[in-house]
Amino acid sequence: MCWRCLLLNRKSCVWICARFGYTPSLSVIAGGLLHGDYTKADVIRDTFRRLNLSEADRPHILMVGDRKYDVLGAKACGVDCVGVEFFGYAAPGELEEAGALAVVHSAAELEQFILAH
């Protein structure tokens with residue numbers, strides 16, 4: 001199962017996923033509300049709810065994130081997060097400091113990490 005959750009508003013998330021051809025591969029596209037105080041953890045919880053995932057499923061979920069907010073949101077929801085530095089969004093050391101399970105530097109490394117875990 002694959003899902004994409006961004007802290008952008010939902011309308012923007014849907015547009016981005018369609019624009020780059022992700023939509024057919026995703027079970028859920030989740031995003032923040034247009035107005036209000038919505039955190040990455042809120043987006044993750046909403047995604048879990050929409051996918052009917054329970055506490056028992058969480059040990060089998062791996063979040064992939066490119067900023068500390070992804071790592072912190074995943075941790076708040078009881079989910080491991082692997083950090084990716086090959087997009088260049090995170091400052092050096094940001095993902096490690098936030099507590100990422102691991103940090104990878106290429107898509108090939110990410111694939112190897114996912115397959116090994």
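Heavy atoms of the protein chains alone define the surface here; on that basis the chain has 61 Å² accessible area per residue at 1.4 Å probe size.
GNM remark for the chain: springs join alpha carbons under 10 Å apart, and the peak mean-square fluctuation among Phe87, Phe48, Phe20 falls on Phe20.
Positive contributions from Lys and Arg (+1) and negative ones from Asp and Glu (-1), summed over other residues with Cβ under 10 Å from the Cβ of Val71, come out at -2. Enclosing the Cα atoms of the chain in their convex hull gives a volume equal to 110 cubic angstrom per residue.
Compared with the dominant Cα axis of the chain, that is its longest principal axis, helix 40-50 is turned about 60°. Peptides 51-61, 94-104 ordered by packing proxy, namely the average of other Cβ atoms within 10 Å per residue, highest first: 94-104, 51-61.
Listed by chain and number, the lysines whose alpha-carbon sits under 18 Å from that of Lys11, ignoring those within fewer than 8 places in the same chain, are Lys40.
Relative contact order, percent, of the chain when contacts are C-alpha pairs under 8 Å separated by at least 6 residues? Please report the intermediate quantities before stating the final value.
Details: 182 pairs, mean separation 20.9, N = 117.
Averaging sequence separation for qualifying contacts and normalising by length gives 18 percent for the chain.
Between amide H atoms placed 1.01 Å from N, distances below 5 Å from Val103 occur with Gly83, all of them 5 or more places distant or on a separate chain.
Derived scalar couplings between HN and Hα for segment 24-29 equal x, 8, 10, 7, 9, 10 Hz in order, rounded to whole Hz, by the Karplus curve 6.51 cos²θ - 1.76 cosθ + 1.60 (θ = phi - 60°), x for Gly and Pro.
Karplus-based coupling profile of segment 94-100, in residue order and whole Hz: 4, 5, 5, 4, 6, x, 4, with θ = phi - 60° in 6.51 cos²θ - 1.76 cosθ + 1.60 and x standing for Gly or Pro.
The largest accessible area among Tyr22, Tyr89 belongs to the first residue in Tyr89, Tyr22, and the rest follow in falling order (1.4 Å probe, all chains).
In plain terms, if you count all Cα to Cα distances in segment 49-117 and split them into 5 Å steps from zero, the share in each step is 3, 19, 28, 23, 16, 8, 3, 0 percent.
The values are calculated or read from the model by the stated rules, or taken from the named source; none is laboratory data. Just so it is clear, the structure is predicted and the values come from calculations on it, not from any experiment. Heads up, the Cβs are rebuilt from the backbone with ideal geometry, glycines too, and the neighbour counts pull from every protein chain shown. Note: areas computed on protein heavy atoms with side chains; ligands, DNA, RNA excluded. Shrake-Rupley method; radii C 1.70, N 1.55, O 1.52, S 1.80 Å.
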